[in-house]
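Student: Have a look at this one.
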């Protein structure tokens, strides 16, 4: 758990009904900065109070977001963005995805053979 004085300096709405928050802290110790960097893209609880927060104030159950993308959907979306970045047309994506996934599958099949 990271505990640091901070200010919510910007709030934006997102298309899925959530919020995007910008949080500014005062200068952090190097260990706290490292912890923040390790938390990047992690899912957890955001607890904010203008008074002191205790460990007991933070839920200990895992966070579950409704509508959270599965790993398969995340991979699909990343491949689509890569396909677009490479100049591919949307109607050609399924063929591109099939090619990339077949190559990925074959790569991991070969790794299995390395352990036999």
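The values are calculated or read from the model by the stated rules, or taken from the named source; none is laboratory data. Remember, predicted model here, so these are calculated numbers, not experimental data. Note that we place each Cβ from the backbone using ideal geometry, even for glycine, and neighbour counts take in every protein chain shown.
Student: Pick from region 1-56 the residues that are in contact with a strand residue (DSSP E or B) (Cβ under 6 Å, 6 or more places away or on another chain) and farther than 24 Å from residue 69 by Cβ: which of them is modelled with the lowest pLDDT?
Tutor: Restricting to residues being in contact with a strand residue (DSSP E or B) (Cβ under 6 Å, 6 or more places away or on another chain) and farther than 24 Å from residue 69 by Cβ, the top hit is 4.
Student: Would you check which residues across region 66-87 are in a helix (DSSP H, G or I) and modelled with pLDDT of 90 or more and list them? Working first, answer last.
Tutor: At the first step, the residues of region 66-87 found to be in a helix (DSSP H, G or I) are 71-85.
Of everything in region 66-87, those that are in a helix (DSSP H, G or I) and modelled with pLDDT of 90 or more turn out to be 75, 76, 77, 78, 79, 80, 81, 82, 83, 84, 85.
Student: Hey, residue 63 hits all of (1) modelled with pLDDT under 85; (2) surrounded by 10 or more Cβ atoms within 10 Å (Cβ to Cβ); (3) part of a helix (DSSP H, G or I) but one; which does it fall short on?
Tutor: The one condition residue 63 does not meet is (3).
Student: Condition (residue is touching a residue at least 40 places away in the same chain (Cβ under 8 Å) and within 30 Å of residue 95 (Cα to Cα)) applied to region 44-63: is it met by at least one residue? It would help to see each step written out before you state the result.
Tutor: Residues of region 44-63 that are touching a residue at least 40 places away in the same chain (Cβ under 8 Å), as a first pass: 48, 53, 55, 58.
Those left that are additionally within 30 Å of residue 95 (Cα to Cα): none.
No, every residue in region 44-63 fails to be touching a residue at least 40 places away in the same chain (Cβ under 8 Å) and within 30 Å of residue 95 (Cα to Cα).
Student: Considering only region 88-100, I want to know if a residue exists there that is in a loop (DSSP other than H, G, I, E, B) and without any contact (Cβ under 8 Å) to a residue 40 or more places away in the chain. Let's see the steps before the verdict.
Tutor: Of region 88-100, the ones in a loop (DSSP other than H, G, I, E, B) are 88-89.
So of that shortlist, the ones also without any contact (Cβ under 8 Å) to a residue 40 or more places away in the chain come out as 88-89.
Taking every residue of region 88-100 in turn, at least one turns out to be in a loop (DSSP other than H, G, I, E, B) and without any contact (Cβ under 8 Å) to a residue 40 or more places away in the chain.
Student: Further question on the same structure: Before we move on, is residue 70 loosely packed, with under 12 Cβ neighbours inside 10 Å and out of contact with any strand residue (DSSP E or B) (no Cβ under 9 Å at 6 or more places or on another chain)? Working first, answer last.
Tutor: Details: loosely packed, with under 12 Cβ neighbours inside 10 Å: yes; out of contact with any strand residue (DSSP E or B) (no Cβ under 9 Å at 6 or more places or on another chain): yes.
Yes, satisfied.
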